[in-house]
Amino acid sequence: MKRAWILLLGVSCLSSISAAATQSKLAANLDLHVRQSLASTGAKGMAVAVVDDGRVVHVGSWGERNAKGEPLTTDTIMYGASLTKAVFAYTVADMAEDGLIDLDISIASYLPRPLTDYPEEDKYADWQDLAGDERWRQLTPRILLNHGSGFANFGFLEPDGKLRFHFEPGARYAYSGDGYILLQFVLERGLDLDVGAEMQRRVFDRFMNNTSMMWRQDFARNLADGWDAQGKPEPHDERSKVRAAGSMDTTISDFAKFVSAFVRGKGISKQMRADIVRPQLPITTASQFPTLQPEMPPKKRPKGLGAGLGVVSFNGPQGRGFFKGGHNDSTGNMWVCLEKRRRCVVILANDVRAEAAFPGIVKLVLGQSGVSWTWEYGPKDWAQAGR
């Protein structure tokens, strides 16, 4: 018995040594690859985290956080952009498990008066634009979270600046930030909840230390500005309002902790975790943007690609996975997970030019994943980027 125990201990030690060696090799390869990527794209800064078997195994940062040349660190505050949507969806899923909201009941059941009777408020869209169109009653939290609302990305992008339906709610996928803002409105005006406080309590306080939906003065100590596609520096936006569609500030260290919790399903049931990443609505367009583009013929549609709640689900050579990007004029973020072995990579860049390097970094960490880069970013020569 003692001999068997010694043998098992020896095997365990060898496994630990092997795992450590593998992680050390990955860290070295990643360091070289990111440095080369920054040089080739001209991007100023990037941070990367790796999760394996649901545990954070590597976090690194490279480059500069501002025009002064100060270093980007793993604790630098960076703009989360639309990664916020995944965190918001996780928060709503937690609320659903607590019985505060049903994902499949009309939002009308939560509002004390019709949506179109509410006056325009600066924090939200102008719901009165939908007056005379009762299709808003068909909207549910699930439809809003899987981008099936029928709205443009934002109403102010419409030719006349007015929000409208472009298809029946739930009929197809079309990315919409206003869909997320509407669900925030329902939670805050219908259920008298503070979405920022709920996200803080249900997600940030559980898994993260330095993340917020609004600007905090202590962020100024180690803050990332950004660079646009022309290499022009852009100051960090000090967001004064909670926006479920994208107001989160975070760090690579913090977001890696959330991803670790997410991929393990911490804080929610196994059934809800599966529901979040389930492909609920097929994706039928050639690319994500522009939104509302015509659907492709069935044979030409991206295979295995579907909308979950706050994430996009895909089926690749290593099985099922999911991803979520985040982007603005000076920010590029990407998070990819493979369900097999619960392996993930997170990339936060304070320079939009870094996005060209994302496919190569994901391939280096995860191997051939099956992420549809053409759909995510539009037609480009992704083969050169390591697709």
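The values are calculated or read from the model by the stated rules, or taken from the named source; none is laboratory data. As the structure is a computational prediction, the values presented were derived from the model and not from experiment. For neighbour counting, all protein chains shown are included, and Cβ atoms are generated from backbone atoms with ideal geometry for every residue, glycine included.
Look through region 266-277, keep the residues that are surrounded by 17 or more Cβ atoms within 10 Å (Cβ to Cβ) and either modelled with pLDDT of 95 or more or of a type in the set (Asp, Glu) (or both), and return whichever of them is nearest to Tyr377 (Cα to Cα).
So, considering only residues that are surrounded by 17 or more Cβ atoms within 10 Å (Cβ to Cβ) and either modelled with pLDDT of 95 or more or of a type in the set (Asp, Glu) (or both), the one nearest to Tyr377 (Cα to Cα) is Val277.
Could you list, ordered by first residue, the pairs with Cβ atoms under 7 Å in which the first is in region 30-42 and crowded, with 19+ Cβ neighbours inside 10 Å and the second is outside any helix (DSSP H, G or I) and among the basic types (Lys, Arg), at least 6 apart or interchain?
Nothing qualifies.
Looking at (1) out of contact with any Leu (no Cβ under 7 Å at 6 or more places or on another chain); (2) within 30 Å of Asp225 (Cβ to Cβ); (3) part of a strand (DSSP E or B), which is the one condition that is false for Arg320?
(2)
What is the residue count in region 173-203 for residues that are surrounded by fewer than 19 Cβ atoms within 10 Å (Cβ to Cβ) and either assigned to a loop (DSSP other than H, G, I, E, B) or β-branched (Val, Ile, Thr) (or both)?
Adding up the residues that qualify gives 4.
Mind checking which residues of region 276-297 are among the β-branched types (Val, Ile, Thr) and within 16 Å of Phe314 (Cβ to Cβ)?
Ile276, Val277, Ile283, Thr284, Thr285
Yes or no, residue by residue, for (1) of a type outside the set (Lys, Arg); (2) assigned to a loop (DSSP other than H, G, I, E, B); (3) in contact (Cβ under 8 Å) with a residue 60 or more places away in the chain; (4) under 20 Å from Asn328 (Cβ atoms):
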| residue | (1), (2), (3), (4) |
| --- | --- |
| Ala96 | yes, no, yes, no |
| Gly99 | yes, yes, no, no |
| Gly132 | yes, yes, no, no |
| Trp136 | yes, no, no, no |
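Whether any residue in region 61-69 is at pLDDT 95 or above, closer than 23 Å to Phe262 by Cβ and crowded, with 16+ Cβ neighbours inside 10 Å is what I want to check.
Yes, the conditions are met somewhere in region 61-69.
From the list Arg221, Arg243, Arg206, which residue is in contact (Cβ under 8 Å) with a residue 24 or more places away in the chain and either surrounded by 22 or more Cβ atoms within 10 Å (Cβ to Cβ) or farther than 27 Å from Tyr175 by Cα (or both)?
Of Arg221, Arg243, Arg206, the one residue that is in contact (Cβ under 8 Å) with a residue 24 or more places away in the chain and either surrounded by 22 or more Cβ atoms within 10 Å (Cβ to Cβ) or farther than 27 Å from Tyr175 by Cα (or both) is Arg206.
Considering only region 228-240, state which residues are closer than 20 Å to Asp218 by Cα and either crowded, with 20+ Cβ neighbours inside 10 Å or without any contact (Cβ under 8 Å) to a residue 12 or more places away in the chain (or both).
Matches in region 228-240: Pro235, His236.
Filter region 366-379 down to residues that are in a loop (DSSP other than H, G, I, E, B) and out of contact with any helix residue (DSSP H, G or I) (no Cβ under 7 Å at 6 or more places or on another chain) and give me whichever is modelled with the lowest pLDDT.
Going through the qualifying residues, I end up with Pro379.
In region 112-130, what residues are outside any helix (DSSP H, G or I) and in contact with a helix residue (DSSP H, G or I) (Cβ under 9 Å, 6 or more places away or on another chain)?
Pro112, Pro114, Tyr118, Pro119, Glu120, Glu121, Lys123, Tyr124, Ala125, Asp126 - these are the residues of region 112-130 that are outside any helix (DSSP H, G or I) and in contact with a helix residue (DSSP H, G or I) (Cβ under 9 Å, 6 or more places away or on another chain).
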